[in-house]
1. Give the average, rounded to an integer, of partner chain Cβ atoms located within 10 angstrom of each Cβ in A:15-27.
2. Which of these, B:Arg144, B:Arg184, B:Arg111, has the largest mean-square fluctuation under a Gaussian network model of chain B (Cα springs below 10 Å)?
3. Expressed as a fraction of 2.2 N^0.38 Å, the rule-of-thumb size for a compact globular protein of N residues, what is the C-alpha radius of gyration of chain A?
4. How are the C-alpha pair distances of the stretch A:295-364 spread across 10 Å bins, as whole percents from the shortest bin up?
5. I want to check the label-to-label distance for A:Trp333 and A:Ala84. Put each point 7 Å from Cα in the C-beta direction and report it in nm to one decimal.
6. Taking only Cα atoms, what is the 0 to 90° angle, nearest 10, from helix B:298-308's long axis to the longest principal axis of chain B?
7. For B:His195, which sequence-distant residues (separation of 5 or more, or a different chain) have an amide H within less than 5 Å of its own amide H, given hydrogens modelled in the peptide plane?
8. D for the stretch B:206-286, whole µm²/s, Stokes-Einstein with Kirkwood Rh over alpha-carbon pairs at 20 °C and 1.002 mPa s: what number?
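All of the numbers you see were taken from the coordinates with simple rules; none came from a lab. None of the values given here were measured: they were computed from a predicted structure. Every residue, glycine as well, gets a Cβ built from its backbone with ideal geometry; the counts of neighbours run over all protein chains shown.
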Amino acid sequence: MIFVMLRVMALSLWRDKAGLVLAFVLPPVVFIVFASVFGAGASGKLDVRAGVVDQCASAQSRRLTVALGHQLGGRLTAYRDKAALLEAVSSGRVDAGLILTGDLGMTPAPATVLIHPGRRAAGEVLSAQVDAVAAQALPDVMMEREIVRLAPLLALSNTQLIRISHTRTAIPPAPFVTSQVLSGGDPIVVYYAGAVSILFLMFSAMQGAMSLIDERRSGMRLRLGLSVGGVAPLLGGRMLWLIGLGVAQALVLFAVAAVVYRVPLIASLLPWLVTAICAAAASGGIALLLAAACQTREQAQTISTFVILILAAVGGSMAPRFLMPAALQAIGWLTPHAWVIEAYQAVLWRRVVDLRVLEAWLVLAGFGAAGFIGALAIERRRKL
Amino acid sequence: MQADGSVVLRVSRASRRYGGVAALDDVSLEISSGEVYALVGRNGAGKSTFAKAAIGALALDEGSVRVLDGDPTRDHAARRVIGVAPQEIALYPHMTVEENLHAFATLAGVREGRAEAVREAMDAAACTGRADQRIDHLSGGWRRRANIAAAIVHKPRLLVLDEPTEGLDAETRGVLRRLIETLRTRRTAILLISHDAEDVASLADRVGVLHAGRLAVEGAPAVLMQQAFGARQELTVRLGAHAPLAAPILNGHGLSSQDGLSFSGLIDDAPAQALQIDQALRAAGIDVRELAVRPPGIDALIDWAGRTR
């Protein structure tokens, strides 16, 4: 009975090319888009396009602009004057602008960053990169600026200042901060792998579960009602299929994440598998419950789209949960999405299976069981 | 009639209400092995409700249903001897005819000789030639054959057929009628829900007319027709154009019209009267498009049963 339903569902999907694309191609594509946008931003690799006006035209300013151009990967455009640069920033041709004015060593603030109000992040990134490039490419100039700034405090004579300026190239700047990037996957990439996975899991599960409604509409329900074992094996087979489909769908998506973003799927395969099964069970149970509760396909389409999108928005599939207000984050725990994301982040990013992960697995399995039992009750009652 | 007297379906005093409306009201009937029982009635008369109750898909408010002495709402054994071919095509559209039949044979509990059972069902429904084709690639007639093949793949003792020949071409109707005859000889009890007068007249051993949830009349088709209409037959006249002189002539022969163009009525000695009407209309210069004498149809029987009740 159960295997017959599994075969029926599998054949139906296999011969439905659009369904296959929706289940296995679209989720990785959407994931890559999300991960490219949010994952790159979190790792400091924002691709800022900048414009520059070099009003000093000195050897030092040329060194700075050349080094900055390298840092930005060639996305630095030179403009002839400030007006042209302002226009480029305002129109969005560049994300931020840089104006170099006066002697870089002697002028108090020789560089000005022009920031569009709608692209504050790009302006901040450019400011930080100019600081970093100046420290690395112009250590002599930076030293000179410090000496000029400290000269009054140290009561240096003009003779001493001239002597120091002649030897400045030999002294590298003393670093204050050193950075250490820890090992482990990108949390945002793992976040969106989980978030996109559960979003599409819900859509696919709903699509599969709606065959319940088709069967009712076509009169097949009468025929299936005569089958050995009644309704339970029919729904059970469907639930197993939705779990299998969900795991396969998650596997494709996380395999892409592993290849493209080095998410440690293989190293955490077992806990990942348990998470994927629980996530698929949760989405399958909810989908079966919705399909059982709806009378028509049209009704199910409308209600499920509403439910899936609301759950996704509140649960963190659309925007990161850590950006949400505290109240919304708390409400998010009522959705399977938040638990799925939490579990995947734990097993793939933090690489732990702790009580929090076990709790997530239990909650997700609970969603699945509750949905399945609810669907079974409705289907049995419908018979009366 | 092939009935051997052993009752396969026994429905006793079945009642079912939806809200305040009685869909079934104290209906009792039996169908024996090898018997074809035609159930007819207007839309909403309770035919579908009765069919669902008969296969155990619907619980009754009162009364009982027994299939080979088992309660199909509770006993798997009773359900396993029932086959149903709904009016809609109750098959998986992405699967082939053979795949569907294999699936339904398994679901019906056929464990041994499944391939043989599938082949036999396809042969009986004359759809072996389309075994490898997907249901959604078949025409309506082939789908209907496959739909019935799926209902008989597990060799049911009770078969419920809902409008099996509706909208089909003459060839497919012939195939399905022959199939029903074959099943009858194999002692299958058949509940036939049909609006087709020819189906009922040629296939049914007994016919029951449901009216507002009640079984208004029941009996052999020929007996019921005789009882309802005697020697009367249905005479239909269709005019080419409105003619003021036509109505008095036709009304005089007991024919009436809704639109002034088509006149009909159940009358005695219809062939002789048809001749007289034809002559009278032609003499009056009236264009007659059609003049037909037919046995009374199912609708007439249903109307009569409703009045009789």
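1. Values: counts 7, 2, 0, 0, 1, 0, 0, 0, 0, 0, 0, 0, 0.
Averaged over the peptide's residues, the number is 1.
2. Taking springs between Cα atoms under 10 Å, the residue moving most is B:Arg111.
3. Details: Rg = 29.6 Å, N = 384, 2.2 N^0.38 = 21.1 Å.
Expressed relative to 2.2 N^0.38 Å, the Cα Rg reads 1.40.
4. Reading the bins upward from 0: 20, 41, 28, 9, 1.
5. 5.8 nm
6. Result, in degrees: 80.
7. Distant-sequence amide H within range of B:His195: zero hits.
8. The estimated diffusion coefficient comes to 148 µm²/s.
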